[in-house]
1. If we count other beta carbons within 10 Å of each Cβ, what is the order of M57, M37, fewest first?
2. Looking at the chain, identify the longest residue range that excludes and avoids all GluC sites (Glu not before Pro) in DSSP loops having at most 14 other Cβ atoms within 10 Å.
3. With a cap of 16 neighbouring Cβ atoms within 10 Å, and only residues DSSP puts in a loop, list the trypsin sites (Lys or Arg not before Pro) found in the stretch 3-90.
4. Please list, in chain and number order, the residues 5+ apart from L43 or on another chain whose amide H is under 5 Å from its amide H, with Hs placed from the backbone.
5. Please report, in whole Å, how far the alpha carbons of the chain spread along each principal axis, starting with the longest.
6. Net charge near L43: determine it from the other residues with C-beta under 12 Å of the C-beta of L43, scoring Lys and Arg +1 and Asp and Glu -1.
Amino acid sequence: MELAREYLAPIIAADVDTLILGCTHYPLLTGVISYVMGEGVTLVSSAEETAKDLYRMLVSTGALRENSAPAPVHRFLATGDPAPFAALARRFLGPEVSTVMHAEL
């Protein structure tokens, strides 16, 4: 919590009323950020807004997969050790994260 206060201090000092969580991992910290920023600050998740835009685009172009269609096959690649990536991915995505392969760049 103290680390969050330290990093958010300049934003708190700026007396903002809205904070855009503009990096992919910030939504994972929404609870901490919200607590530190206080009730008067609205948090906007760029990930959530991007997902909403994507949904609207898929619907408008007829590209949204129907539930009756076969389930997609997901492939996961990690530039680091695949094991920790797979463990973390399973926490967020569920047991369907079965195979993670290593990718060399």
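1. M57, M37
2. Numbers: sites that count: E39, E66, E96, E104.
Longest gap between qualifying sites, sites excluded: 1-38.
3. The qualifying sites are R65, R75.
4. Amide H neighbours of L43: L19.
5. 50, 39, 26
6. -4
FYI, it's all coordinate maths here, none of it is from the lab. Everything numeric here is computed off the predicted structure, so don't read it as measured data. In this analysis, Cβ positions are derived from the backbone assuming ideal geometry, glycine residues included, and neighbour counts consider all displayed protein chains.
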